[in-house]
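The values are calculated or read from the model by the stated rules, or taken from the named source; none is laboratory data. Since we're looking at a predicted model, the values are computed, not measured. Cβ coordinates were reconstructed from backbone atoms using ideal geometry, including for glycine residues, and neighbour counts include every protein chain displayed. Note: areas computed on protein heavy atoms with side chains; ligands, DNA, RNA excluded. Shrake-Rupley method; radii C 1.70, N 1.55, O 1.52, S 1.80 Å.
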Amino acid sequence: MTISIGLQLFSVKDALQRDYIGTLEKLAQIGYTNLEMVIRKTDEGLSLGGNITPSEVRRQLDRLGMKAVSSHTRVNEETDWEGIIAANQEIGSTGIGCSIAFFANKRDVLNFCESFNRYGEICKSGGMQLYYHNHFQEFQVFEGETVMDLMLAHTDPQLVKFELDTYWAVRGGVDPIEWMSKLGDRCIMLHQKDLPAAAQPVNWFDVFGANSSITIDELYKTQDPAHFTQIGQGTLPIVDYLKEATSLGHAKYVFVEQDVTAGDEVEGVATSYRNLERLLQQITV
């Protein structure tokens, strides 16, 4: 099965705030057609990242020949599921991804899994597929099992899928290829960026400690532009990841995502698009 290129719009968050429609137009010119949106709760209500309504986003996507594949949001007990599902339906999205979560111990993970299954039912009733996107902290070990192992074992395979971020898996000290196989048909999407050679140590647990409490504060410390680069300009064996994903045939999309950049956001995702397209051509020849 072929895998399609997409873009996680968090990569161009500042550009969207300045000019949402103009940024979409630039992304369409680059060649992006598949988008993973970001929906956040603000004091004014749910936001897609700019002063724009879901209906207007849908109108612009249709005009530009683009589509919203899915969206990321924070998932917890305060999530406005009715509003989130309605916004996704309006923009044409059929998936809702949990962008991040933190865990202090095994019990935290098990409680999260119980809630996540319930959220999966809510999403299913609204025609949405719920999925989880990893960072590095999901590969912390609690009582002999990683958070991801626990999530895989204690969430419903039909209600909960996964989006494997290969960069963050590497920064959690694991092999993304092994995890693609382990996740199997529950790995429906990939996130891809690249790792500069100067970003050392690679494993964030070598910095924070394997038994440390990973919170949003630790994650903020990882958000240094020097630790991220465009696809094809770093050290990750991305072509191997693409080969494995294509061979397994479960992931439908590989979304470019660059969490932070020291350069121009749109130029950065343009470089990643060109290089990712070239790498995909290498494995389909």
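For the reader, a short list of remarks on this structure follows.
- Label-reachable residues, segment 204-230, where backbone N falls under 20 Å from a point 7 Å from residue 77's Cα toward its Cβ: 215-216
- For segment 3-54, taking Cα atoms only, Rg and Dmax work out to 11.4, 38 Å respectively.
- Residues of type aspartates and glutamates that residue 221 reaches as a straight line, Cα spacing below 16 Å, ignoring anything fewer than 8 places off in the same chain: 206, 259
- Residue separation of residue 25 and residue 207 scaled by 0.36 nm, minus their Cα-Cα distance, works out to 61.5 nm of gained length.
- Mean projected area in nm² (Cα convex hull; one quarter of hull surface) for segment 245-285: 3.4 nm²
- Per residue, the convex hull volume that the Cα atoms of segment 166-285 enclose (Å³): 107 Å³
- Distance between the modelled labels on residue 118 and residue 158, one decimal in nanometres: 2.0 nm (7 Å Cα→Cβ projection).
- Residue (of 197, 216, 263) at the positive-pole extreme of segment 179-285, dipole from beta-carbon charges: 197
- Across 26/67; 41/252; 182/243; 182/252, pairs whose alpha-carbon gap is larger than 20 Å: 41/252
- Applying the criteria of a DSSP loop state and at most 10 other Cβ atoms within 10 Å to the trypsin sites (Lys or Arg not before Pro) of segment 80-134 yields no site.
- Largest to smallest principal axis extent of the C-alpha atoms in segment 1-107, angstrom: 47, 39, 24
- Among the protein heavy atoms of the chain, carbon and sulfur supply 46% of the accessible surface, probe 1.4 Å, non-protein parts ignored.
- Evaluating kT/(6 pi eta Rh) at 25 °C and 0.890 mPa s, with the Kirkwood radius of the chain over Cα pairs in the Stokes-Einstein relation, gives 128 µm² s⁻¹.
- For residue 178 and residue 143, the FRET efficiency from 1/(1 + (r/R0)^6), where r spans their Cβ atoms and R0 equals 30 Å, is about 0.90.
- FRET efficiency for residue 233 and residue 42, using Cβ-Cβ distance with R0 set to 35 Å, rounded to 0.05: 0.55
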